[in-house]
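Asker: The structure's right below; bear with me while I get my questions together.
The values are calculated or read from the model by the stated rules, or taken from the named source; none is laboratory data. In this text the structure is predicted, and so the values were computed from the model without any measurement. Cβ sites come from the backbone with ideal geometry, for glycine too, and all protein chains shown count toward neighbours.
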Amino acid sequence: MPYKPPASIHGKPFVVLGAGTLGRRIALMWLTQGETVHLVDLNEKALVSAAEFIEENLDTVIADHVSNGKRGTLKLFQDRMEAIPNAWIVVEVVPENLSLKIKLLGELDAILPDDCILASNSSSYTGSEMFERVNNKARLVSTHYYMPPQALPLEVMPNPYTDPAVVELLLREAPRHGLRTYHVRKESVGLLFNRIWAAIKRESLYVVAEGVAGASEVDGIMKDLFGINRGVFEVLDSVGLDVALDIENHYRAVRPGQIPAEPAALLESMVAQGHLGIKSGKGFYEHPPHKAMADKDYVVYLDVVKGEVRSLAIDGREGKTLVSGLTSHPDGVQIDERPGKGHIYWTNMGTLPGDDDGSISRANIDGSNITTIVPVGATRTPKQLVLDTTNEHLYWCDREGGRIQRCALDGSALETLYISASTPAEHKNQRTWCVGVTLDLERGLVYWTQKGGSKGGNGRIFRAGMNLPAGAHPARRPDVEVLFEGMPEPIDLEYHKGYLLWTDRGDPPFGNSLNRADVSAPLNPNVTPRGPSKELVIADHFHETIGLTVDPVGEKIYISDLLGSLWVTNLDGSDKKAILRDVGNFTGITFHPARPACA
């Protein structure tokens, strides 16, 4: 059966099946030329989360990667039958399960018109392995994306029956949307990059299996010569040795007699002993369950998509998962390693946007005993979190709740210190949304941001006393000072030695930036607020910057951005460097110096 290219794809939707980490990113890239994308997932929460991610990143992606781009239209569907009529292409981004893909591609082929391309994002299977139930094999193609917009390559690989017009159309259209196309001219297990990477992994395993070197030696020389943050065996432990074994066995099955048995045999022996990597506590390395790095300076940060609290040594060389399995949009994080304490705290924004289901959780340093200390209903969308060890308090901003709150470290004694929104209309107004918070303990001041609309130029930064004045209501405090207004989109805050530091996610020239201002003057509710200026920007060209934290001894600032990088600068913003690049979706971050392990 032939493929019949449409006369025009104008007005026809691009359909993505799967709204997870990669599916939402594919949708994002194809929304950059004013066209329509249909995103499909049975999970409503995944769709809402994906829509928020796309809204937050679309303008930046167009500005950074697409010539003459313009915003397209995103439509969300839980029923794929409603999403696919008139589509010019349908891309599946479902889990890497061969039987699932065979079944799904067969079902889609039976209902799609002949002028619709059917694409799979599989990195492990070729079209020939998946087209068992596909009648119109001429329209089936592999389109393998990585992690746009951080990683922009798109591999386009036909099967033996694919009509050349399918490949030509994709190679023409994808670059218009900021993607970098690579034509894989014939079927190849692993396509292009993953096939090469598989050879690197295999030879690394072979080196260890033969006793030439140990895993740490292989990883060490790879880091030294290639400048990478993680070595081959660190990656294998992270992925899971059972998963790595399945991949290696698949390569051996499709290339009989060409691949040595030793790499798979090494993995097989380790899996048989229950050594699976991080998830079992032992692989090529020991992984004590969720143990913080007490002997190193490190940062603790949140990966909101993976749902993990992670730590990373400040040289970028060693990272650990502290808590995993978080599903309620974690945003702010703090860690308390004082003797007798030993807790990690984080905020959960809950279902987005703005349902009344936010909460605050804590766990032991080893990741055990996860407990909700501020329950659903007590806070709405908690964001940045501050730990006050002097007074034994946690402070946070409740975004859609329009308030600043604090509690004791066990969640008791909950107080609302400030209210910016009291009515349903005010709760929906992003100008009232409180996001970032920090403290000046010496002078007893609390600072916070109200971000305004996305990149809207309506952001403000405030301060007031840490305690509610006697007889005052949180919505009518007489001691509130507006420090700045008209800011692009201020997010998180830190205070250090008379200076206020903050991130801004808005548009350049003042947004996507790290900022600093002298706030040593006394509190004055009658002062005229300042507007944005280049003098406030001390570092820029981040990628949706969110969190920041200060190392007061090393005199460094660490910054996290939503597109998955961690950065470090001097206190004046100079010497900006990445210590982790493009590996997740990061929000809150906090710094902790080397110290003895907790009692």
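Asker: Is one or more of the residues making up the range 1-15 in the same structural domain as Gln150 (by TED's automatic domain parsing), part of a loop (DSSP other than H, G, I, E, B) and among the aromatic types (Phe, Trp, Tyr)?
Answerer: For the range 1-15, residues in the same structural domain as Gln150 (by TED's automatic domain parsing), part of a loop (DSSP other than H, G, I, E, B) and among the aromatic types (Phe, Trp, Tyr): absent.
Asker: How about the range 35-46: which of its residues are modelled with pLDDT under 90 and more than 15 Å from the chain's Cα centre (by Cα)?
Answerer: Leu42, Asn43, Glu44, Lys45
Asker: Of a type in the set (Ser, Thr, Tyr), assigned by TED's automatic domain parsing to the domain that holds Pro488 and either farther than 25 Å from Asp297 by Cβ or not in a loop (DSSP other than H, G, I, E, B) (or both): does that describe Ser574?
Answerer: When the stated conditions are applied, Ser574 does not pass them.
Asker: Considering only the range 255-278, state which residues are surrounded by 17 or more Cβ atoms within 10 Å (Cβ to Cβ) and either among the aromatic types (Phe, Trp, Tyr) or within 30 Å of Glu129 (Cα to Cα) (or both).
Answerer: Ile259, Pro263, Ala264, Leu266, Leu267, Met270, Val271, Leu276, Gly277
Asker: Can you find a residue in the range 165-186 that is of a type outside the set (D, E, K, R), crowded, with 22+ Cβ neighbours inside 10 Å, in the same structural domain as Gly34 (by TED's automatic domain parsing) and within 20 Å of Leu105 (Cβ to Cβ)?
Answerer: Yes: one or more hits.
Asker: Taking Ile259 and the conditions (1) over 17 Å from Asn194 (Cα atoms); (2) modelled with pLDDT of 85 or more; (3) not acidic (Asp, Glu), which numbered condition does it fall short on, given that it satisfies the others?
Answerer: (1)
Asker: Would you pick out the residues in the range 431-442 that are surrounded by fewer than 19 Cβ atoms within 10 Å (Cβ to Cβ) and either more than 24 Å from Pro469 (Cα to Cα) or touching a residue at least 40 places away in the same chain (Cβ under 8 Å) (or both)?
Answerer: Within the range 431-442, Arg431, Leu441 meet the criteria.
Asker: Does any residue of the range 363-372 turn out to be without any contact (Cβ under 8 Å) to a residue 12 or more places away in the chain, surrounded by fewer than 19 Cβ atoms within 10 Å (Cβ to Cβ) and in the same structural domain as Ile546 (by TED's automatic domain parsing)?
Answerer: Kept after step one, since they are without any contact (Cβ under 8 Å) to a residue 12 or more places away in the chain, are these residues of the range 363-372: 369, 371.
Now narrow it down to the ones that are surrounded by fewer than 19 Cβ atoms within 10 Å (Cβ to Cβ): 369, 371.
Filter once more, keeping what is in the same structural domain as Ile546 (by TED's automatic domain parsing): 369, 371.
Within the range 363-372 (the criterion being without any contact (Cβ under 8 Å) to a residue 12 or more places away in the chain, surrounded by fewer than 19 Cβ atoms within 10 Å (Cβ to Cβ) and in the same structural domain as Ile546 (by TED's automatic domain parsing)), the answer is yes, since at least one residue qualifies.
Asker: Additional query: List the pairs whose first member sits in the range 228-247 and is touching a residue at least 40 places away in the same chain (Cβ under 8 Å), whose second member is of a type in the set (Phe, Trp, Tyr), and whose Cβ atoms are under 6 Å apart, counting only residues at least 6 apart or on separate chains?
Answerer: Here the result reads Phe233/Phe284; Asp237/Phe284; Asp237/Tyr285, each pair linking the range 228-247 to a residue that is of a type in the set (Phe, Trp, Tyr).
Asker: Working only within the range 443-458, note down all residues that are assigned to a loop (DSSP other than H, G, I, E, B) and either over 21 Å from Trp396 (Cβ atoms) or not charged (D, E, K, R) (or both).
Answerer: Initial filter on the range 443-458 (assigned to a loop (DSSP other than H, G, I, E, B)): 443-444, 451-458.
Matches in the range 443-458: Gly444, Gly452, Gly453, Ser454, Lys455, Gly456, Gly457, Asn458.
Asker: So, one more: Within the range 444-471, how many residues turn out to be closer than 23 Å to Asn429 by Cβ and surrounded by fewer than 18 Cβ atoms within 10 Å (Cβ to Cβ)?
Answerer: Looking only at that region, the number is 4.
Asker: Need a quick list: helices (runs of 4 or more DSSP H) entirely within the range 53-170 having at least 2 residues that are free of Cβ contacts under 8 Å to residues at least 24 places away in the same chain and within 27 Å of the chain's Cα centre (by Cα).
Answerer: none
Asker: From Pro509, Pro532, grab the single residue that is farther than 22 Å from Trp396 by Cβ and loosely packed, with under 14 Cβ neighbours inside 10 Å. First the steps, then the outcome.
Answerer: On the way: Pro532 fails: loosely packed, with under 14 Cβ neighbours inside 10 Å.
Within the list Pro509, Pro532, the selection yields Pro509.
Asker: A further question follows. For the list (1) surrounded by fewer than 16 Cβ atoms within 10 Å (Cβ to Cβ); (2) at positive phi, I need the number of the one condition that Gly402 fails.
Answerer: Unmet for Gly402, out of (1) surrounded by fewer than 16 Cβ atoms within 10 Å (Cβ to Cβ); (2) at positive phi: (1).
Asker: Listed residues Leu42, Leu22; which is among the aliphatic types (A, V, I, L, M) and within 23 Å of Leu152 (Cβ to Cβ)?
Answerer: Leu22
Asker: Considering each of Thr327, Thr372 in turn, give the residue that is more than 22 Å from Tyr447 (Cα to Cα), in a strand (DSSP E or B) and polar (S, T, N, Q).
Answerer: Thr372
Asker: Also, quick follow-up: When residues of the range 512-526 are filtered for being surrounded by 12 or more Cβ atoms within 10 Å (Cβ to Cβ), part of a loop (DSSP other than H, G, I, E, B) and at pLDDT 95 or above, how many remain?
Answerer: Result for the range 512-526: 3.
Asker: Another question, if that's okay. Does the range 450-464 include one or more residues that are more than 16 Å from Gly402 (Cα to Cα), free of Cβ contacts under 8 Å to residues at least 60 places away in the same chain and over 32 Å from the mean Cα position of the chain (by Cα)?
Answerer: Taking every residue of the range 450-464 in turn, none turns out to be more than 16 Å from Gly402 (Cα to Cα), free of Cβ contacts under 8 Å to residues at least 60 places away in the same chain and over 32 Å from the mean Cα position of the chain (by Cα).
Asker: Is it the case that the range 538-550 has a residue that's part of a strand (DSSP E or B), touching a residue at least 12 places away in the same chain (Cβ under 8 Å) and among the aromatic types (Phe, Trp, Tyr)?
Answerer: Taking every residue of the range 538-550 in turn, none turns out to be part of a strand (DSSP E or B), touching a residue at least 12 places away in the same chain (Cβ under 8 Å) and among the aromatic types (Phe, Trp, Tyr).
Asker: Can you say whether Asp315 is part of a loop (DSSP other than H, G, I, E, B) and either surrounded by 22 or more Cβ atoms within 10 Å (Cβ to Cβ) or over 18 Å from the mean Cα position of the chain (by Cα) (or both), as far as the supplied structure shows?
Answerer: yes
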